[in-house]
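**Q** Mind having a look at this structure? Questions to follow.
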Amino acid sequence: MKYVDFKTVQAMWALTLVIVTVLLFPGTAIGKASTAATCSSFPNQAAAQDALPQNPKLDGDGDGIACESLPCPCSTADPAPAPVVSVVFGGKKVQSAKKGSVVFTVKCPDEDCTARASGNVNVPKVGKRASLARKFKLKRVKKSLAVGQTVKLKLKFSKKTRAAVRRALKTRKKVKVKVKITVTNASGAAKSKRYTVKLKR
Ligand SMILES: [Ca+2]
């Protein structure tokens with residue numbers, strides 16, 4: 001190479017300058033575009049909060065607040081509170097098979113709510129008749145509760161279920177009823193409770 005003209009030298013210098021800038025200041029616009037946003041990409045908490053919808057990883061603990069470690073200015077928007085519904089559940093762990101149903105109670109002390117119950121009866125095999133070992137689904141129950149009202153949820157056994165339960169209990173088999181009760185309020189908050197009830201003769 002005999003000589004390099006002035007324009008080429010100038011262009012090379014400019015290019016070098018850009019590369020050095022990106023290497024030294026990765027926080028600049030050019031550097032940021034090439035990497036996924038992390039908390040260190042933001043100057044403060046509020047900025048990270050604004051970018052949270054596009055970068056869910058900024059909220060590692062899932063509480064709705066991005067990058068708690070960053071300095072303020074901070075986001076003034078409170079994270080949406082976790083919806084809760086307070087419920088008082090009631091129900092005996094051992095219930096009589098004679099009634100042909102299992103009964104639970106539900107009360108919402110703070111607001112109106114809706115209770116839904118579903119479940120099944122697990123009847124074990126009796127004697128050699130393996131076909132009788134099965135789950136019997138209970139008919140679902142749904143009730144609306146006024147605030148403070150205690151409501152009974154009665155899950156009735158079908159005729160078939162009653163017969164199978166009676167047969168099993170006669171031979172001292174254990175019959176269990178599994179029930180799930182879910183209570184929801186007007187704002188969609190839900191709370192569930194599961195019961196395993198032993199049936200006695
Ligand atoms: Ca967080």
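**Q** Considering only segment 112-129, how many residues are assigned to a loop (DSSP other than H, G, I, E, B) and small (Gly, Ala, Ser)?
**A** Of the residues in segment 112-129, 1 are assigned to a loop (DSSP other than H, G, I, E, B) and small (Gly, Ala, Ser).
**Q** Of everything in segment 92-126, what is surrounded by fewer than 14 Cβ atoms within 10 Å (Cβ to Cβ) and polar (S, T, N, Q)? Give them in sequence order.
**A** Answer for segment 92-126, where residues must be surrounded by fewer than 14 Cβ atoms within 10 Å (Cβ to Cβ) and polar (S, T, N, Q): just Ser96.
**Q** May I ask you to list the residues in segment 157-172 that are surrounded by fewer than 22 Cβ atoms within 10 Å (Cβ to Cβ), farther than 21 Å from Ser118 by Cβ and in contact with a strand residue (DSSP E or B) (Cβ under 6 Å, 6 or more places away or on another chain)?
**A** Arg167, Thr171, listed by residue number.
**Q** Take the residues in segment 183-201 that are assigned to a strand (DSSP E or B) and surrounded by fewer than 17 Cβ atoms within 10 Å (Cβ to Cβ), then tell me which one is modelled with the lowest pLDDT.
**A** For segment 183-201, the residue satisfying everything is Ala190.
**Q** Might you let me know whether segment 53-70 holds any residue that is at pLDDT 60 or above, away from the ligand (no atom under 14 Å from the Cβ), not in a loop (DSSP other than H, G, I, E, B) and not aliphatic (A, V, I, L, M)?
**A** no
The values are calculated or read from the model by the stated rules, or taken from the named source; none is laboratory data. Since the structure is predicted, the reported quantities are computational estimates derived from the model, not experimental observations. When we count neighbours, we look across all protein chains shown, and the Cβ atoms used for this are built from the backbone with ideal geometry, even at glycine.
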